[in-house]
Amino acid sequence: MTESRHVTAGRGTTPADVPHPKSGASAPPKRTLTPDNLFRTVANFVTSLPVVVRAWPLRSPKTSAALREKVWLGVTSVNEARYCKWAHTHWAMDQGVALEEVNQILGFQVEPLEANNPAEAAAILFGQHYAQRLDQIDPDSIENLHKYYSDAQVDEVLAFVRFITFTNLLGNTADAFFSLFRRNGYTPSFFVGVVGAAAAPVALLILLVAKFDRKMGVDKLSPWRRPRRDGHAEPRL
């Protein structure tokens with residue numbers, strides 16, 4: 001099985017190196033886990049996990065929680081992972097990211113991001129290019145990343161990108177499984193059906209956690225957060 005999917009690039013064009021599904025083909029509209037990418041995606045996730053854990057506010061992060069969420073939204077915008085999009089939009093706003101900026105990231109509006117904060121834009125674009133190139137690192141984007149961040153910070157951004165790539169594809173695979181019950185004309189492969197069925201509880205759990213967090217304000221109870229003057233909370237770094 002050859003991995004392919006439709007990708008919208010950051011400036012309204014589609015990269016030439018990203019293959020498209022053939023017209024009329026019964027392919028999933030979003031990228032999922034496949035036999036071709038499963039080992040690579042899981043391996044990247046596992047190697048990135050220790051860095052992501054160290055980057056949490058309770059540990060020793062090299063970058064901010066807001067940047068982490070922006071990078072995750074950037075990758076999610078390309079992979080079109082609706083569960084991650086919903087959850088991380090909420091969590092990004094919880095970290096003080098304005099809804100306007102969230103929409104700019106999800107809408108591939110590069111210019112205002114670069115004008116507002118070139119360093120953060122470089123990290124977001126790095127993640128988007130990684131997803132557009134099907135998990136291949138773009139030399140130009142990582143070179144641009146090194147203009148603004150230390151080696152440790154770049155390692156952290158790369159870990160964020162690889163971490164969210166796995167969760168994006170896992171959620172999309174679960175969504176492909178759910179399509180069996182939507183009768184939308186798409187029938188997932190046996191592999192996607194099996195992996196999607198296993199991933200479905202995880203996708204639903206993410207939605208429940210985000211919904212419960214937004215409704216109850218559980219994040220405000222976290223011991224590493226303190227209230228800001230504007231009434232919101234910020235992490236103790």
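The values are calculated or read from the model by the stated rules, or taken from the named source; none is laboratory data. Owing to the predicted nature of the structure, the values given are computational and were not obtained by experimental measurement. Here the Cβ is made from the backbone with ideal geometry for all residues, glycine too, and neighbour counts use every protein chain on show.
Per-structure values
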quantity: Those residues of segment 183-199 which are more than 17 Å from residue 81 (Cβ to Cβ) and in a loop (DSSP other than H, G, I, E, B), in sequence order; calculated: 183, 184, 185, 187, 189
quantity: Total residues in segment 145-176, condition surrounded by fewer than 23 Cβ atoms within 10 Å (Cβ to Cβ) and either in a loop (DSSP other than H, G, I, E, B) or in contact with a Pro (Cβ under 6 Å, 6 or more places away or on another chain) (or both); calculated: 4
quantity: Identity of the residue in segment 46-90, surrounded by fewer than 18 Cβ atoms within 10 Å (Cβ to Cβ) and β-branched (Val, Ile, Thr), that ends up modelled with the lowest pLDDT; calculated: 53
